[in-house]
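**Student:** Got a structure here, written out as structure tokens. Questions coming.
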Amino acid sequence: MRTITFAIDRFDGSRSWTQSFAFDHVPGMTVLACLIRIRETQDPSLNFTASCRSAICGACAVRVNGNAVLACDTMLDDLLEEWGQDTLRIAPLGNFTVISDLVVNWDEKIERLRLARPGLHARAEFSASGGCRQSPRDFQAIQKQWDCILCGACASECNKLADSRADFLEPFTFTHASRYARDSRSADSMLHVNGMLDNGLWKCVHCMECATKCPKHIQPVEDIASMRGMATAGGRTDGPGPRHAQAFRTDLENTGRLNEVKLVPRTEGLLSAATRRLPFTLRMFARGKLGVGEAIHLFFADNRPVEGIDGLRKIIRQRRRDH
Amino acid sequence: MTRKYAFFPGCVLDAAAREARDATQAVAARLGIELVEIPGWTCCGASHVQDIDRETALAANARNLALAERMGLDVLTACSTCALMLRTARAELKNGRKSAVNEALAEAGLEYRGTADVTHLLWVLADTAAEWAPKVRKPLSGVRVAPFYGCHTVRPPEIMTHESHLNPRSMETVIAACGAQPVTIPERLKCCGFHAVFPAESTAHNMTASAADSARKEGADCLLTPCPLCHMQLDMYQPDARATTGKGGDTPVLHLAQLVGLAVGVERERLGLSRHIVSPAPLLSKC
Ligand code: SF4
Ligand code: SF4
Ligand code: FES
């Protein structure tokens, strides 16, 4: 009989340890079914949360070999095949405070979720008696974001959050802000975007973990992108993030290619480029990453426009007209 | 067997990471991979244009793909972010955007049909390792290499479909084919920080220092990356990362094509190894 081992991270409020539980392989079990079986047959003190067993309540997310999954929606056999081994490491979600074993603290996350101002602040034309209707097309634009079950999987391996929670938010919070900001019934989109701007909207490192881990195929990173676009379109263009993005767009339109010499002054200002970034620039010259003459040329002139630049400009103009 | 691709260098291979372009072209020539540069290719948007002007980014990448289609070839890039942006555009065009974008392309006499696939140098090298391994002239035995995949090489898996995003092996396959020894570090599948180096500088420095430090601690001679953006972050910013964190500072970072180039006997001058901020000299003395 094939034996499967779960090496589970335990925590009793003060002590942490890893405990291995071996059990017979039975095809067709979910990770949650395995955890339940361990609790029922080996150790009733093993603590984890789950309710619906149908990928709906969001309570059962855990990490398997360092990667978040919904325990009730993940087949053990798929994991065994993926990892090619019969021992799996089970741990609580990353970037959460652990309460006990696989149980994490949601209170602090929900407090932070309030920064998104979740809830519909409807436009004046809507009322309690007249209702708050929306066309199917407008609902479709935010339908995916409404699938969020607040399971926390997107936050577990978020690389930015792992570095610091103080200047960034859980990816699902950006998704919640975005679904109200982009709701055709919302009175003021920026009501939801502003809190995100003040809490790291431009600090996402684009690691794509949130989009990879969401069991509902939501892409919080895309919600971040769409709110960056809304903020920029609404005139919130200050700061290194928006200026950096704008520099790329300017180059794409002007010559088709990035002017890396102008990128730093455009992003951080000329003063910072000439002072704070000076050691960096000198290093680049010293190691031949950048030629001095080439740098002077790129700074005062630009890249030569790409072959077919007129066509590119026509294409961009047409897309703008169409939008 | 000769393979032929429409080559999409991307902005960085044309500028700060020119050595990666030289190494890519030299290795491709040595291995019988023909790279024909796409005439008039433009910036892929690097995720930044996508943030503030999705339509412009999509149209520019549709144009890039249409230009490659005109050559009748699949696209090859040696940059993971370019690969992700081009493949994402492809997916968007397939999922309903094609006719609207084609109206714009028509103004430049172009049409996107969806015939050209987009592949990565890493994938081609890994898939053909058994074919080119016999061409290894100087097996890099004794060289310990820590692969740093880079986020966009494997994520999101719906777009970067080549291999498992949880347990990829392509980098290890290439390293082993070069006769070198792969060394696993905890940052193997983590972010280098490049895409937020300006707005989240301390985070980027921490990420860079941590990868460099782990590689050193695990006894690796270098980090290896298939993405020139990861390379810029891990190499060019390593001194700054050291200054703010006290970690890292002397871990060389090689482009994928440079390692393969060393193994298959491409002349060192053609690999641009002197253009790195962190000198790879100690590593080269082992090759
Ligand atoms: S893409 Fe951004 S939000 Fe998503 S996991 Fe990475 S850093 Fe976090
Ligand atoms: S966005 Fe997806 S992964 Fe994140 S909490 Fe919602 S359902 Fe879970
Ligand atoms: S138990 Fe409800 S989502 Fe898994």
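**Student:** Could you size up the charge dipole of the stretch A:3-105 around its Cα centre, putting +1 on the beta carbon of Lys and Arg and -1 on that of Asp and Glu, and report it in debye to the nearest 20?
**Tutor:** Values: 7 positive and 12 negative charges, 73 e Å.
The dipole magnitude comes to about 340 debye.
**Student:** Mind checking the dipole of the protein assembly as shown: about its Cα centre, +1 per Lys or Arg Cβ, -1 per Asp or Glu Cβ, Debye to the nearest 20?
**Tutor:** 880 debye
**Student:** Work out, step by step, the length gained on full extension between A:ASP322 and A:ARG304: first 0.36 nm times the residue separation, then minus their alpha carbon distance; give nm to one decimal.
**Tutor:** This chain segment gains 3.6 nm when fully extended.
**Student:** Which one of A:THR41, A:PHE21, A:GLY58 has its Cα pushed farthest toward the positive end of the charge dipole of the stretch A:3-105, where Lys and Arg give +1 and Asp and Glu give -1 at the Cβ?
**Tutor:** Sorting the options by dipole projection puts first A:GLY58.
**Student:** Do you know which residues of the stretch B:102-148 lose at least 20 square angstrom of accessible area in the protein assembly compared with their chain on its own, with a 1.4 angstrom probe?
**Tutor:** B:GLU103, B:ALA104, B:GLU107, B:ALA108
**Student:** Gain in length, A:ASP188 to A:LEU120, computed as 0.36 nm per residue apart minus the alpha-carbon separation, to one decimal in nm?
**Tutor:** My answer for the length gained is 23.5 nm.
**Student:** Say the cut-off is 22 Å between C-alpha atoms; which of A:LYS289/B:LYS135; B:LYS138/B:LYS286; A:LYS144/A:LYS213; A:LYS160/B:LYS190; A:LYS262/A:LYS314 go over it?
**Tutor:** Beyond 22 Å between Cα atoms: A:LYS289/B:LYS135; A:LYS262/A:LYS314.
**Student:** Taking beta carbons within 10 Å but only from partner chains, what does the mean come to for residues B:11-17?
**Tutor:** The shielding value for this peptide is 5.
**Student:** Sticking with this structure for a sec: Viscosity 0.890 mPa s, temperature 25 °C: what is the translational diffusion coefficient of the stretch B:59-185 from Stokes-Einstein with a Kirkwood Rh over Cα pairs, rounded to a whole number of µm²/s?
**Tutor:** 151 µm²/s
**Student:** Something else: How big is the Kirkwood radius of the stretch A:33-105, worked out from every pair of different alpha carbons and given in Å to one decimal?
**Tutor:** 12.8 Å
**Student:** Using R₀ = 35 Å, calculate the FRET efficiency as 1/(1 + (r/R₀)^6) where r is the Cβ-Cβ separation of A:ALA55 and A:SER20; round to 0.05.
**Tutor:** Values: r = 28 Å, r/R0 = 0.79.
So, using R0 = 35 Å, E works out to roughly 0.80.
**Student:** Over the stretch B:135-287, one equal point on each Cα, no solvent: what is log10 I(q)/I(0) by the Debye formula at q = 0.17 Å⁻¹?
**Tutor:** Debye curve over Cα of the stretch B:135-287, log10 I(q)/I(0) at q = 0.17 Å⁻¹: -0.93.
**Student:** Between the stretch B:161-199 and the stretch A:270-308, what is the C-alpha centre distance in whole Å?
**Tutor:** One Cα centre to the other: 30 Å.
**Student:** Right, another one. Largest first, please: the extent of the C-alpha atoms of the stretch A:240-322 along each principal axis, to the nearest Å.
**Tutor:** Computed over the stretch A:240-322, the largest-to-smallest principal extents equal 45, 27, 17 Å.
**Student:** Which percent of the accessible area of chain B is formed by carbon and sulfur heavy atoms (probe 1.4 angstrom)?
**Tutor:** About 49 percent, which is the carbon plus sulfur part of the accessible surface.
**Student:** Run the helix sum for chain B: -39,500 (n - 2.57) per DSSP H stretch of 4+ residues, divided by residue count, reported at 222 nm to the nearest 500 deg cm²/dmol. List each step's numbers first, then the result.
**Tutor:** Working: 14 runs with 124 residues, N = 287.
After summing the helix terms and dividing by the residues of chain B, the value is -12000 deg cm²/dmol.
**Student:** Where a ≥ b ≥ c are the square roots of the eigenvalues of the C-alpha gyration tensor, would you call the stretch A:107-233 rounded, which needs a/c under 1.5, or, failing that, prolate if a/b is larger than b/c, or oblate?
**Tutor:** prolate
**Student:** Along the charge dipole of the protein assembly as shown, pointing to its positive end and built from +1/-1 on Cβ of Lys, Arg, Asp and Glu, which listed residue (B:ALA66, B:GLN181, A:GLY131) has its Cα farthest out?
**Tutor:** Toward the positive end, the furthest listed residue is B:ALA66.
**Student:** Next question. Suppose every K and R has +1 on its Cβ and every D and E has -1 on its Cβ; what is the size of the dipole of chain A about the Cα centre, in Debye to the nearest 20?
**Tutor:** Values: 43 positive and 38 negative charges, 277 e Å.
With only Lys, Arg, Asp and Glu charged at Cβ, the dipole is about 1340 debye.
**Student:** Can you give the accessible area per residue of the protein assembly as shown, in Å², using a 1.4 Å probe?
**Tutor:** Details: 23830 Å² over 610 residues.
On a per-residue basis, 39 Å².
**Student:** Quick one: what Rg and Dmax do you get for the protein assembly as shown from the alpha carbons, in Å?
**Tutor:** When restricted to Cα atoms, the protein assembly as shown yields Rg and Dmax of 24.8, 80 Å.
**Student:** Per-residue accessible area for A:PHE96 at 1.4 Å probe radius, Å² rounded to 10?
**Tutor:** 10 Å²
**Student:** Of the options B:GLY142, B:HIS255, B:CYS79, report the single residue whose Cα projects farthest towards the positive end of the charge dipole of chain B (beta-carbon charges: Lys, Arg +1; Asp, Glu -1).
**Tutor:** It is B:GLY142.
**Student:** Let me ask you something else. At q = 0.07, 0.08 Å⁻¹, what log₁₀ I(q)/I(0) does chain B have when each alpha carbon counts as one equal point scatterer in the Debye sum?
**Tutor:** Log10 of I(q)/I(0), two decimals: -0.25, -0.32.
**Student:** Rounded to a whole number, what % of the accessible area of the stretch A:3-105 do carbon and sulfur atoms account for, probe 1.4 Å?
**Tutor:** Numbers: 2110 of 4540 Å².
Solvent-exposed carbon and sulfur of the stretch A:3-105 make up 46 percent of the total.
**Student:** A follow-up question, please. Excluding ligands, DNA and RNA, what is the accessible area buried between chains A and B, summed over both sides, using a 1.4 Å probe, to the nearest 100 Å²?
**Tutor:** Using a 1.4 Å probe, the pair buries roughly 5800 Å².
**Student:** If you don't mind, there's one more thing I want to ask. With a 1.4 Å probe and all protein chains left in place, how much of the accessible area of the stretch A:240-322 comes from carbon and sulfur atoms, in whole percent?
**Tutor:** On the way: 2490 of 4150 Å².
Whole-percent figure for carbon plus sulfur exposure: 60.
The values are calculated or read from the model by the stated rules, or taken from the named source; none is laboratory data. Predicted model only: the values in this text are computed from it and were never measured. Heads up, the Cβs are rebuilt from the backbone with ideal geometry, glycines too, and the neighbour counts pull from every protein chain shown. Ligands, DNA and RNA are stripped out before the accessible areas are found, and what is left, the full protein with its side chains, is counted by its heavy atoms. Shrake-Rupley method; radii C 1.70, N 1.55, O 1.52, S 1.80 Å.
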